[in-house]
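Read through the structure below, which is laid out as structure tokens, and then see the notes.
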Amino acid sequence: MDYTATQSGFRQQPNMRLRNTSVDGPEGSQLFEDTSGPAAGSQTGYSNQPAGPQAAGFPAQSILSDPMSNLAMAYGSSLASQGREMVDKNLDRFIPISKLKYYFAVDTLYVGKKLGLLVFPYMHENWEVCYQQDTPVAPRFDVNAPDLYIPAMGFITYVLVAGLALGTQNKFSPELLGVQASSALVWLIMEVLAVLLSLYLVTVNTDLTTIDLLAFSGYKYVGMIIGVVAGLLFGRLAYYLSLLWCCVAIFVFMIRTLRLKLLSEAAAEGRLVRGTRNQLRMYLTMSIAAAQPIFMYWLTYHLIR
């Protein structure tokens with residue numbers, strides 16, 4: 001190769017050789033310049049920097065470890081728990097949620113037996129409610145215990161069957177169906193209030209509660225459904241026959257059930273208590289039982305034409 005002399009008298013290699021020797025390292029020489037070096041260096045620089053909130057100077061752990069933050073969180077949790085307890089207490093005062101769970105503790109076997117008892121109560125002998133440590137057992141363990149599942153489902157089914165009956169008469173409308181449902185509900189509430197007022201006037205010492213009366217008053221929807229369905233399928237005569245059967249059945253059911261509740265003193269002693277108060281209790285029991293067929297006919301006769 002051709003070498004040129006410098007002013008100092010030393011010889012200098014070509015520029016290519018100088019470039020190659022300047023990048024030579026302990027791993028050997030490279031034929032081309034490594035252009036990825038600066039990019040890699042920049043990535044290394046970024047990787048050493050903290051990411052997220054810590055990079056901005058707000059460590060995540062500092063918020064949780066701050067005593068004031070912990071105190072605020074504890075205070076907020078305490079307020080939330082106190083508010084929940086207050087809501088549950090006030091709600092349970094007007095709507096006893098814990099008691100309602102008892103009336104819906106049913107199963108398929110209980111529902112089947114109860115429906116059979118409502119339709120054919122003549123062969124049933126033991127009408128007393130079973131107790132366990134002064135507490136009535138759940139309805140699924142005792143067919144004599146009142147429940148709200150059958151009355152609630154009966155009311156809904158009655159409204160649906162009433163809509164079907166109105167449709168067969170070309171009278172169906174959402175407004176008319178709403179009137180049918182609201183009227184049935186209003187009559188049920190008025191019946192329960194009338195019974196409560198009668199119990200207060202007669203001064204009957206009984207363990208019957210408002211929910212018990214609501215359950216017993218709601219059992220009549222089973223017979224109403226049977227009567228309307230029979231009338232839709234087989235005509236008006238079938239409606240009257242089936243409704244008459246169900247009215248007699250609900251009358252017997254109410255008499256045998258309520259006499260143990262309203263005449264609890266006499267039933268507990270196993271003897272007949274005579275007197276004016278006992279006569280009033282008997283009349284009240286008969287009146288409650290006799291009112292069921294009247295409501296059953298009043299709420300269904302216009303559905304069959």
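Simple spin-label estimate for Gln132 and Met153 gives 2.2 nm between the two label positions (7 Å along the Cα-to-Cβ direction from each Cα).
Each of Thr203, Thr108, Thr285, Thr209 has its accessible area taken with a 1.4 Å probe; listed largest first, they run Thr108, Thr203, Thr209, Thr285. Annotation: per residue accessible area for the range 138-181 equals 48 Å², rounded to a whole number [probe 1.4 Å, protein chains only]. Surface composition of the range 84-226: carbon and sulfur atoms hold 66% of the protein heavy-atom accessible area at a 1.4 Å probe.
Straight-line cross-link partners of Lys113 among the lysines, defined as a Cα under 30 Å from its Cα and at least 8 positions apart when in the same chain: Lys99, Lys101, Lys220, Lys261. Rounded to whole numbers, the Karplus 3J(HN,Hα) couplings from phi for the range 136-142 are x, 6, 5, x, 5, 9, 8 Hz, using 6.51 cos²θ - 1.76 cosθ + 1.60 with θ = phi - 60°, and x at Gly and Pro. Across the range 182-189, computed HN-Hα scalar couplings (Karplus, 6.51 cos²θ - 1.76 cosθ + 1.60, θ = phi - 60°) run 5, 5, 5, 5, 5, 5, 5, 5 Hz from first to last residue, x flagging Gly and Pro. Fully extending the segment from Lys101 to Leu244, taken as 0.36 nm per residue of separation minus the present Cα-Cα distance, adds 48.1 nm. Using C-alpha pairs below 8 Å separated by at least 6 residues, the relative contact order for the range 103-162 is 43 percent.
The values are calculated or read from the model by the stated rules, or taken from the named source; none is laboratory data. Bear in mind the structure is a predicted one, so any value in this text is a computation, not a measurement. Positions of Cβ are generated from backbone atoms using ideal geometry, with glycine treated the same way; all protein chains shown enter the neighbour counts. Calculation scope for accessible area: heavy atoms of the full protein, side chains included, ligands and nucleic acids excluded. Shrake-Rupley method; radii C 1.70, N 1.55, O 1.52, S 1.80 Å.
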